[in-house]
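J.: Next up is a structure, given as structure tokens.
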Amino acid sequence: MTGKNFFDDERRRFEDAASEELRVELAAEGETQVNIYLASEIEGLIMSPYTLGLACPSLWELPQIQSVREKRGRKGRTATPINDRVLPQNRFGLAMFRGACVHELSHHLDWRRFVSAHVGTTQSIAATTEAITVDPSKWSWNNEPPIWKSHEYGFIRCALFLSDRMSQRGVHVNWLSDLIPWGEYGYKDPIGYAETVRQEISDSRDKPLGEILKRLAPKEMVKLWAIDAGAQLLQKVEE
Ligand SMILES: [Zn+2]
């Protein structure tokens, strides 16, 4: 393969800033580096055009991922591929890239509050891709999880905090447009969600993120989420 990928510099900048920001959380698992992969560099990885990124511990087991990691001289297991093939190669694409990186890392942070990083290692890449890719037009009450599945209030909270931390480090993320597809997930009031954690975010910037995220989510955020999620389920039941 020749030539540099358009997203390579942005990826390195993101990895450096995220590794620094999450050093306490990574160290707790014997890690030092966050790794972002580009879908186009992983042999045989097919990602749906609806999917911007994947976050699953099982990805680490893929030999294709390990070979990219070795080629890049990176350490660490956190494996988050971003679908660079569907992103425009301009400043909008770079902004979407950063948003997708924070989104996927927030899944890792959210899961780590409950489970070890090794959960799910037997899941195949096909199953992982299928599980995470949700085409809204194919959703049905009987056989699909709700579209917000794995994007519950705990995830939203992680994503808003991490987005702020990365922006503080000069890796600006537009949480309103690039972090979460709010409308698509049925979240009607993104500014309302952000408002519930605004004070806590600005008061806690000097503390490790993992420590802050161990606290319970604010009740106002849980309520907003419960209303949005309930409305979506109700609509599906009544269809
Ligand atoms: Zn997600």
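Rule-based calculations on the coordinates, nothing more; no lab input. Just so it is clear, the structure is predicted and the values come from calculations on it, not from any experiment. Glycine also receives a Cβ, built like all others from the backbone with ideal geometry; neighbour counts cover every protein chain displayed.
J.: Can you pull out the trypsin sites (Lys or Arg not before Pro) in segment 150-239 whose DSSP state is coil and whose Cβ has at most 10 other Cβ atoms within 10 Å? Mind dumping the intermediate values first?
T.: Values: sites: Arg157, Arg165, Arg169, Lys188, Arg198, Arg205, Lys214, Arg215, Lys219, Lys223, Lys236; in loops: Arg169, Lys188, Arg205, Lys214, Arg215.
Those satisfying the criteria are Lys214, Arg215.
J.: Starting from segment 7-48, pick out the GluC sites (Glu not before Pro) whose DSSP state is loop and whose Cβ has at most 14 other Cβ atoms within 10 Å. Write out the running numbers ahead of the final one.
T.: Details: sites: Glu10, Glu15, Glu20, Glu21, Glu25, Glu29, Glu31, Glu41, Glu43; in loops: Glu29, Glu31, Glu43.
The qualifying sites are Glu29, Glu43.
J.: Follow-up. With just the Cα atoms defining each centre, how far is segment 179-233 from segment 3-77? Give it in Å.
T.: 26
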